[in-house]
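Undergrad: Structure incoming, see below.
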Amino acid sequence: MDMAITFGLILALFALLGSGIWIGLALLGVGWLGMEMFTTRAGGDAMAVTIWGASSSWTLTALPMFLWMGEILFRTRLSSDMFKGLAPWLEKLPGRLLHVNVIGCTIFAAVSGSSAATCATIGKITLPELKKRGYPEAITIGTLAGAGTLGLLIPPSIIMIVYGVAAEVSIAKLFIAGVFPGILLATLFMGWIVVWALLNPDAVPPATEQTSFGQKLYASRHLIPVVLLITLVLGSIYTGVATATEAAALGVVGSLVLAAAQGALSWNTFRESLFGATRLYCMIALILAGSAFLTLSMGYMGLPRHLAEWIASLGLGQFGLLFGLMIFFIILGCFLDGISMVVLTIAVIQPTIVAAGIDLIWFGVFLVVVVEMAQITPPVGFNLFVIQGMTGKQLPWIARTALPAFFLMVAAVGLLYAFPGIITWLPQRMVG
Amino acid sequence: MSIRRALDRLYGAAAWVAALFMIGTLAMILLSVTGRLLDFHVRGTDAYAGYCMAAAAFLALAHTLKRGEHIRVTLILDHTGPRTRHALELWSHAAGLLCAVLLAWFATRLAWQSFQFNDISQGTDATPLWIPQLGMAVGSMIFAIALADELLAVLRGQRPRHRAVDGEPVRSE
């Protein structure tokens, strides 16, 4: 098979996706066509067996559980509690309560696997509260859009489960590998707020109330539930007590208990969270099913291997390859959702990555950061959609407010490349 | 009962079963955790969790489609005139239906073959595989029906109903 067919197939796939066919079905259709046209194997039976295997795999069960946990927490008072607990501590920092966006998202990201859910849950409370206190909308919305993407990088993470299952990498290790890069990115975002506040001292409203240290400490009691939940989920993974799947199930139970303790658990909220999670999972499962078969089909055609050989022949080196990929992903991320991006990447370029001697855990985190950029680049960026739904602002305007976050993520990728230890140090010290 | 109501009930009922299987997935994982902590062992919980998850995904397909929550790239669709848009909607529904029929056909065939050759799971659960595969077969059949239903609506010139419910943020990623 030559490169013309390889690129022809990839182009055909993008044309089908662009024409509006549901992504999972388009992947499945291209996989079937490729198999029937370019291999001697019967496509249909291989399709059913592959899809069955992928959809019933035990490792994947972590995914619907984390989705459900997020859906439950979205319906609790967790975010307003976090606001109450965090706000008193942040009034002294340049930028004051704007930091609640970043720290709130960082903490919530540690119980939520999704960027849009993090953005929606934290924004639900910070957008009205900050507006009421007179913070400029542009910076409030921009920092929220950027910090919300931490939901992907800080474990648990839906996209990391997808990557881990597709690339056959330990999900627990991936999770733990995301911790320091997540903190790094949060620090960069906070730096952005500080710099902005120092440059625009008049734009930041004065602190609303003076509180003593004791009062601050007392307000922090509101953070106890979320901290307990983080300890339960991440602690059990890091210490090796539970696998990612088991931690996810414990997280669902923990969230239900928390919701019940807050009095937020009615039959209605339970049913809504359950159906919301089922639909979300179903949507992702269709993409995963299509991509599992496409991966198989492309493997039979030898497409990823050919592409790897071709790219190797270009002599790009690691830096050139990663830089090229980042540009490609940023463009792709303007049009595709993150999950589709990750599964397509694994289906097509995993051999290229392995051949270039790039660590798959490191690459997973790199990919997640690039997918985070995709969340805030128009026209398709899920955090932008969420914020548009909450504020009614125009998409291009929201994207412009979040532009500094985009450049900070590019800078973070540079730092992760220069200091790979930020990613690899912690997972190497894991128990088990 | 009209066909319309019967179909909507079908999608709704499948969604309820899917939701129950979500709870089933949770129950199976919790069973294996408590089993390890309290030192008793239930055979095959891992496999059962996977089966429940698969059934949940496939049985919810039609309902999720109706709610407009399956992801598609609408960028071009949203920026074309009404006639091109209609043509593109027809094409994407027809092509989508074709893929869904393909999936339904071979999923059913897989379950049928597992039944005929009495395929048993390789794991400790030793389940006859046609039983869990039935969920995939039935779910993808209902999905194909739902897509045909939508294609008909587009043909009749109705606005496809599978658009995201307004005001509900997409919390997908």
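Read-outs: derived from the displayed coordinates by stated rules, not from any lab. In this text, all values refer to a predicted model and were calculated from it rather than measured experimentally. Because the Cβ atoms are built from the backbone with ideal geometry, glycine has one as well, and the counts that use them run over all protein chains shown.
Undergrad: If contacts are Cα pairs under 8 angstrom and at least 6 residues apart, what is the relative contact order of chain B in percent?
TA: Computed value for chain B: 28 percent relative contact order.
Undergrad: How much FRET efficiency would the formula 1/(1 + (r/R0)^6) give for residue B:74 and residue A:228, where r is the Cβ-Cβ distance and R0 is 51 Å, rounded to 0.05?
TA: Approximately 0.80, to the nearest 0.05.
Undergrad: Turning to a different aspect of this structure: In region A:85-160, if the dipole is taken from +1 on Lys/Arg beta carbons and -1 on Asp/Glu beta carbons about the Cα centre, which of A:140, A:119, A:130 is farthest to the positive end?
TA: Value: A:130.
Undergrad: For the peptides B:65-77, B:137-149, what is the packing order when you average, over each peptide's residues, the other Cβ atoms within 10 Å and list the highest mean first?
TA: So the order, starting with the most tightly packed, is B:137-149, B:65-77.
Undergrad: When you look at the Cβ of every residue in B:94-104, what mean number of other chain Cβ atoms sits within 10 Å?
TA: Taking all residues of B:94-104 together, the mean is 6.
Undergrad: Taking only Cα atoms, what is the 0 to 90° angle, nearest 10, from helix A:115-132's long axis to the longest principal axis of chain A?
TA: Around 30 degrees separate the two axes.
Undergrad: Would you mind ranking B:52, A:334 so that the residue whose beta carbon has the fewest other beta carbons within 10 Å leads the list?
TA: Ascending number of Cβ neighbours within 10 Å: A:334, B:52.
Undergrad: Round to the nearest 0.05 the FRET efficiency obtained for residue A:131 and residue A:199 when R0 = 22 Å and r is the Cβ-Cβ distance.
TA: Once rounded, the FRET efficiency stands at 0.55.
Undergrad: Roughly how many debye, to the nearest 20, is the charge dipole of the protein assembly as shown about its Cα centre, given +1 on each Lys and Arg Cβ, -1 on each Asp and Glu Cβ, and no other charges?
TA: 1240
Undergrad: What is the average number of partner chain Cβ atoms found within 10 Å of a Cβ in A:286-299?
TA: Counting Cβ atoms of other protein chains within 10 Å of each residue's Cβ and averaging gives 2.
Undergrad: Another one. Using the crude model of +1 on Lys and Arg Cβ and -1 on Asp and Glu Cβ, and no other charge, please compute the dipole size for chain B relative to its Cα centre, in debye to 20.
TA: The calculated dipole for chain B is roughly 640 debye.
Undergrad: Would you tell me the mean number of C-beta atoms belonging to other protein chains that fall within 10 Å of each C-beta in B:59-72, as a whole number?
TA: 6
Undergrad: Find which of A:387, A:333, A:411 sits farthest along the positive direction of the dipole of the protein assembly as shown, computed with +1 on the beta-carbon of Lys and Arg, -1 on that of Asp and Glu, about the Cα centre.
TA: The residue sitting most towards the positive pole is A:387.
Undergrad: For residue A:221 and residue A:257, compute 0.36 nm times the residue count separating them, minus their Cα-Cα distance, and round to one decimal in nm.
TA: Residue separation times 0.36 nm, minus the Cα-Cα distance, leaves 11.2 nm.
Undergrad: Something else now. 7 Å from Cα along Cα→Cβ at both residue B:153 and residue A:305: what's the point-to-point distance in nm?
TA: Taking the simple label geometry, residue B:153 and residue A:305 are separated by 4.5 nm.
Undergrad: Could you give the length gained on full extension between residue B:83 and residue B:118, defined as 0.36 nm per residue of separation minus the Cα-Cα distance, in nm?
TA: This chain segment gains 7.4 nm when fully extended.
Undergrad: For a label point 7 angstrom out from the Cα of residue A:271 toward its Cβ, which stretches of region B:15-57 have the backbone nitrogen within less than 17 Å?
TA: Residues passing the 17 Å test: B:15-23.
Undergrad: With chain A treated as a Gaussian network of Cα nodes joined by springs under 10 Å, which of A:311, A:139, A:161 yields the largest mean-square fluctuation?
TA: Checking each option, the largest mean-square fluctuation is seen for A:311.
Undergrad: While we're here: When the helix-only estimate is applied to chain A (DSSP H runs of n ≥ 4, each -39,500 (n - 2.57), divided by the residue count), what is the mean residue ellipticity at 222 nm, nearest 500 deg cm²/dmol?
TA: That comes out to -24000 deg cm²/dmol.
Undergrad: Can you list the trypsin sites (Lys or Arg not before Pro) in region A:336-432 that are in a DSSP coil and have 11 or fewer other beta carbons within 10 angstrom?
TA: A:429
Undergrad: So for region A:57-428, considering every pair of alpha-carbon atoms, how many percent are separated by more than 40 Å?
TA: The proportion of pairs with Cα distances above 40 Å equals 12 percent.
Undergrad: By how many degrees, between 0 and 90 and to the nearest 10, does the Cα long axis of helix A:179-199 differ from the longest principal axis of chain A?
TA: Tilt of helix A:179-199: around 50 degrees.
Undergrad: Considering only C-alpha atoms, what is the centroid distance from region A:195-241 to region B:58-77, in Å?
TA: One Cα centre to the other: 38 Å.
Undergrad: I would also like to ask the following. Could you state the angle between the C-alpha long axis of helix A:23-38 and the longest principal axis of the C-alpha atoms of chain A, as a value from 0 to 90 degrees rounded to the nearest 10?
TA: Helix A:23-38 and the main axis of chain A meet at about 20 degrees.
Undergrad: Take every Cα pair under 8 Å in region A:57-428 that's 6+ residues apart, average their separations, divide by the length, and report that relative contact order as a whole percent.
TA: 26
Undergrad: Sticking with this one: With 10 Å bins from zero, work out the P(r) of region A:30-126 over every alpha carbon pair and list the percent per bin.
TA: Taking every Cα pair in region A:30-126, the percentages come to 14, 29, 18, 15, 13, 8, 2.
Undergrad: Oh, and also: State which entries of A:92/A:132; A:124/A:173; A:92/A:124; A:131/A:216 exceed 27 angstrom in Cα-Cα distance in the structure shown.
TA: Check vs 27 Å cut-off fails for A:124/A:173.
Undergrad: Determine the distance separating the Cα centre of region B:97-119 from the Cα centre of region A:44-119; give it in Å without decimals.
TA: Cα centroid of region B:97-119 versus Cα centroid of region A:44-119: 36 Å apart.
Undergrad: Run the simple label-point estimate for residue B:8 and residue A:403 please: 7 Å along Cα→C-beta, distance reported in nm.
TA: Using points 7 Å along Cα→Cβ, the separation is 4.7 nm.
Undergrad: In whole Å, what is the distance between the alpha-carbon centres of region A:295-334 and region A:364-432?
TA: 21
Undergrad: Have a look at A:212, A:280, A:21 and report the one farthest towards the positive end of the charge dipole of chain A, computed about the Cα centre with Cβ charges (Lys/Arg +1, Asp/Glu -1).
TA: A:212
Undergrad: Please report, ordered by residue number, every helix of chain B (full DSSP H runs) that is 24 Å or longer along its axis going by C-alpha atoms and whose mean Kyte-Doolittle hydropathy reaches 1.0.
TA: Membrane-span-like by this rule: B:3-37, B:130-155.
Undergrad: Right, another one. Full-extension gain between residue A:168 and residue A:264, please, as 0.36 nm times their residue separation minus the C-alpha to C-alpha distance.
TA: Value of the extension gain: 30.7 nm.
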